[in-house]
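Shown next, in structure tokens, is the structure this report addresses.
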Amino acid sequence: ISDQKPLGCWSVKHGQILTCPVVCNFETHEYIAVHDDKVLRIWKNEDISLDKAFKATLSADVYRIHSLPNGGPVVLFRGGAVRTLDVLLEAPQQEIENVISDEVIRWSGAFMEGQQPVLIFTTEKDGDFFVYVQKPKLSSLHKYKLEQQESSKPLCFTAHITNQTVTLLCLYSNDSVYQVLIPLQPDIEEEEEEILSKSLLLNFSVPGTVLKGTSLVVLDKDHVAVLGSLTVPGKEPRECLSIWNTKFQTLQTSKELPLGTSGQLWCYEENFFLIHGKVLTVIMYKCETSSLAAAVGKLKDIQNPDVSSFVNWNTLEDEELVVSFQSQESVALKAESKMNLRSRRSTVAKVQPETLSVGQLLLNLKDASTYVLETELRQLMSKAPTPDLQATIGCVVTALTDRCKRNPKYYPQNFLLEIVETRDLSYSLCPDLMAVALEKKDMHLLQICLERFPDIPEEITYACLKAFLSISEAHLQNIDVNLDSVICYIDVEFDDKEVKTEIVENGFSAEMDQDMCDTKIPKETQSRSDGESCPVGLQKAALLNAVLHSAYTETFLLPHLKNLPAQQAILFLRYLYYLYVKCSEKVNTTLPGIRSPTINQIMDWMCLLLDAHFTVMVMLPEAKELLSNLHKFVRAQVRFYSELNKIEGSLRELQRLNHLRESQTYSIEVLEII
């Protein structure tokens, strides 16, 4: 998540629908999915297509699959039956009984009690709610009925197990959370369903506001988190994430989410997961032991920025900027900057300048002069290394780019270059840096970012490629660009024309290839398109090499690459073809130099570019010759390696005989290669 890069992408065929959330089997490191209610799919990271993944068609509709770290996956069917995945795979078409009748499952959860998995789910029928507790390995089932609540009904559920007791928390439509205790019964069937009584655990009462919750999670025995909308009389409802102390009935902290959410909140290993706008937001938290002193006065501090987010909140107002900076600091800190549910005392005196947080310091420097700003930022970065130094530098870069946006005449190119070249940064730490560099046409900074940042989005990579291809060679002559990746294999004379050297290796030469092909190309046109002369200058070649080194995912890059203008696509393909020929001239297919492109990078980008523009290139006359030469060269390479494959067996036999021969015995042997 911190790198903002997809690690894998799988999709079902057109017409098929994933009907329950995909889970991970912690024991086998496999993914498990169900599509079209009954079709089970199991695959691993290295699998490319779901069509070739393991498939099993079940005899009943699946409601949900739950995966437990030490208990394996558990499958809950819509009819209420439960099976462990191992038992189900032994006979996928086994008969699945119906446990519930005319009831609809509203929520389910799986837990471990000792060595036994326990599955709990709630159902609804005609306004009545029921709770089922199952132990699938022991074939144990207990059914309960929830006590009815006048003029309100449950909206969502969550549960946890402690000391052989299930604690079920129910968020009701009357803005209250009720608690239901269910003892784990001995493994015997109950003849009559027991009615469960509930007790009021928490009421969302904040003076002057109304909180309508949509999702509820348990943090520990004294704290819960609620995702919902906060309504103030006379104002539009605002979605927010709030944390409550159930022991003292107090609001601990709350954070508005201006971009809206999906209404779902997940919690895993002291991290919240929620959809904020179009972004998956991860929020870390750490609950301290609840105490009365920590809870006093929390109702007055609704906007206390204790919730620390891993992501940049681009829509935050200036007064909320401190929250964003403090959140970036909290990611790096392990012992000190955990999200405390205790707020600062309101009686704390004014903070001294030397004790200001990074966010507060940057806010104070917002309107400072350029000299004061850069001086203070340099002092901030020169401090002794600390666990949060990287996040601090990310905040520094963000402050500089923010000033660039506010003041178009301000652009500290040398300062930004110094930071990127000497610090271990990533795109996610300073997401606006490359956008500002593109706006300022700072090719050198873009080159360094492409070479150093491991998490650049495909959209930005494409924008850099388009900018590099569109800039003129004359303009590049006046720009300082790192040429280490090209200086060793592109030789240039004083008039900027390349000096051609004839190196024939790997079974290829222009004359040999011409004899092997039927198509005759005039010599005057062949000399400029056969891959021997570089179609771009040194500076542009170095910039394009930086793009080739940038990590990407084909699925996400291809749509952007299709928007590349045809003439730029042809120029880029000419350069890739030139690199391909240069690599093939060497026995080890490796270009000399620092950060030079590899043969795999060149081939992958050629395939990407052809996939994105093949139809256009076939139609353009100026591209036909290039495609023909590329085809001939690849065909020559295939034939050459095919000939090598024919004698591979003989070469292996010769190698074996060399090992068997005694080193002290002189002999002459004749080997006939057929």
Worksheet item: Residue by residue through region 547-553, which ³J(HN,Hα) values in whole Hz follow from phi under the Karplus form 6.51 cos²θ - 1.76 cosθ + 1.60 (θ = phi - 60°), with glycine and proline marked x?
Response: 5, 4, 7, 6, 6, 7, 10
Worksheet entry | Cα-Cα separations in region 53-159 greater than 24 Å, expressed as whole percent | 26 percent
Discussion item. Distance cut-off 29 Å, Cα to Cα: go down the list K125/K221; K440/K582; K145/K247; K44/K137; K212/K286 and report the pairs above it.
Written reply: K125/K221; K440/K582
Worksheet item: In region 262-283, which residues have a backbone nitrogen under 11 Å from the label point lying 7 Å from E236's Cα in the Cα-to-Cβ direction?
Response: none
Worksheet item: Which far-off residues, 5 or more places away or on another chain, put their amide H under 5 Å from the one on V166, with H placed in the peptide plane?
Response: I182, L184
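Read-outs: derived from the displayed coordinates by stated rules, not from any lab. The structure displayed is predicted, hence computed values, not measured ones. For neighbour counting, all protein chains shown are included, and Cβ atoms are generated from backbone atoms with ideal geometry for every residue, glycine included.
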